[in-house]
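A.B. asks: Encoded as structure tokens, here's the structure I'll be asking about.
Please treat every number below as a calculation from the coordinates, not as lab data. Keep in mind that this is a model prediction, so the values were computed, not measured. Because the Cβ atoms are built from the backbone with ideal geometry, glycine has one as well, and the counts that use them run over all protein chains shown.
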Amino acid sequence: FRSLTITQAPTIASTSGNTQIQLGSDVTLSCNATGVPQPTIYWYKSTAAGETEDLGVQDCRYQIRNATTSDAGKYECIADNGTPPTAKAQIIVEALFAPSITLPHDSHNQELGKDTLIECIVESNPQGTIYWEKDGQRLEDGEKYQIFEWEVGSYKHNLAARVKSLTSEDFGEYKCYA
């Protein structure tokens, strides 16, 4: 006698879906597939350079332990059982963390009448409101101050304030808040 096997290409039945994680926590991504024969699930992650990294896991679950910002990104599960086409699903992982403030310079020396620039770098997700204060007063963009904010990397923003034409009242402590 002769036998014949009828196969079915894989399909993704369900995933854990996009998720948000707190830094330091654990999360399990899941990807369930059907097909005949039963598909194997492979896990990949998109890198910052736009390439795909093979995570070396062949299971319906991918575990992230003690999450860091580098664990955030686009994950892809691919189901393959040898019957084309393979099935794919994407899961986006977003890292959430409280603001961290860095001052590139912790003091400035400047002459009266000159402009000076103060800066802080804030890393957080989600990004909140960032601002400078002096003597309990928020610095506002205008005649005395020029405020700039720009992104300097994933989750990082730089906030700068140009203090124009320094007077003796401008000397003192400035605070960056996020």
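A.B. asks: Please check: in the Gaussian network model of the chain (C-alpha springs, under 10 Å), which one of E53, E94, E76 has the largest mean-square fluctuation.
C.D. replies: E53
A.B. asks: Within the chain, which cysteines find no other Cys whose Cβ is under 4.7 angstrom from their own?
C.D. replies: C60, each lacking another Cys Cβ under 4.7 Å.
A.B. asks: Determine, for region 20-150, the count of lysine pairs separated by eight or more sequence positions (or lying on different chains) whose alpha-carbon distance falls under 26 Å.
C.D. replies: Here the count comes out as 6.
A.B. asks: Can you tell me which of Y62, Y44, Y145 moves the most in a GNM of the chain? Springs connect C-alpha atoms under 10 Å apart.
C.D. replies: Of Y62, Y44, Y145, the most mobile in the Gaussian network model is Y145.
A.B. asks: Going Cα to Cα from K156, which aspartates and glutamates come in below 18 Å? Please leave out same-chain ones fewer than 8 positions away.
C.D. replies: Straight-line reach from K156, under 18 Å: D71, E94, E119, E123.
A.B. asks: What translational D, rounded to a whole number of µm²/s, comes out for the chain from Stokes-Einstein when the hydrodynamic radius is the Kirkwood one over Cα pairs, at 37 °C and 0.692 mPa s?
C.D. replies: Translational D for this selection: 163 µm²/s.
A.B. asks: Rank Q58, L159, L29 by how far each Cα sits towards the positive end of the charge dipole of region 26-178 (+1 on Lys, Arg Cβ; -1 on Asp, Glu Cβ) and give me just the farthest.
C.D. replies: Among Q58, L159, L29, the one farthest towards the positive end of the dipole of region 26-178 is Q58.
A.B. asks: With springs only between Cα atoms under 10 Å, which of Q110, Q90, Q127 fluctuates most in a Gaussian network model of the chain?
C.D. replies: The residue with the greatest mean-square fluctuation here is Q110.
A.B. asks: Using the 2.2 N^0.38 Å rule of thumb for compact globular proteins, work out how region 73-178 stacks up: its C-alpha Rg over that value, please. Please report the intermediate quantities before stating the final value.
C.D. replies: Values: Rg = 21.7 Å, N = 106, 2.2 N^0.38 = 12.9 Å.
Cα-based Rg divided by the globular estimate yields 1.68.
A.B. asks: Now for a separate question. List, in order, the whole-Hz ³J(HN,Hα) value for each residue of region 26-35 obtained from phi through the Karplus relation with A = 6.51, B = -1.76, C = 1.60 and θ = phi - 60°; use x for Gly and Pro.
C.D. replies: 10, 8, 10, 8, 10, 8, 10, 10, 10, x
A.B. asks: Oh, and also: So if I restrict to the alpha-carbon atoms in region 1-69, what is the Rg, and what is Dmax, the biggest pairwise distance, in Å?
C.D. replies: Over region 1-69's Cα set, Rg and Dmax evaluate to 16.2, 60 Å.
A.B. asks: Per residue of region 63-68, what does 6.51 cos²θ - 1.76 cosθ + 1.60 with θ = phi - 60° give for ³J(HN,Hα)? Whole Hz please, x for Gly and Pro, Karplus curve as stated.
C.D. replies: 9, 10, 10, 6, 3, 10
A.B. asks: Okay, moving on. Per residue of region 5-12, in order, report the coupling 6.51 cos²θ - 1.76 cosθ + 1.60 (Karplus, θ = phi - 60°) as ³J(HN,Hα) in whole Hz, putting x for Gly and Pro.
C.D. replies: 10, 9, 10, 10, 4, x, 9, 7
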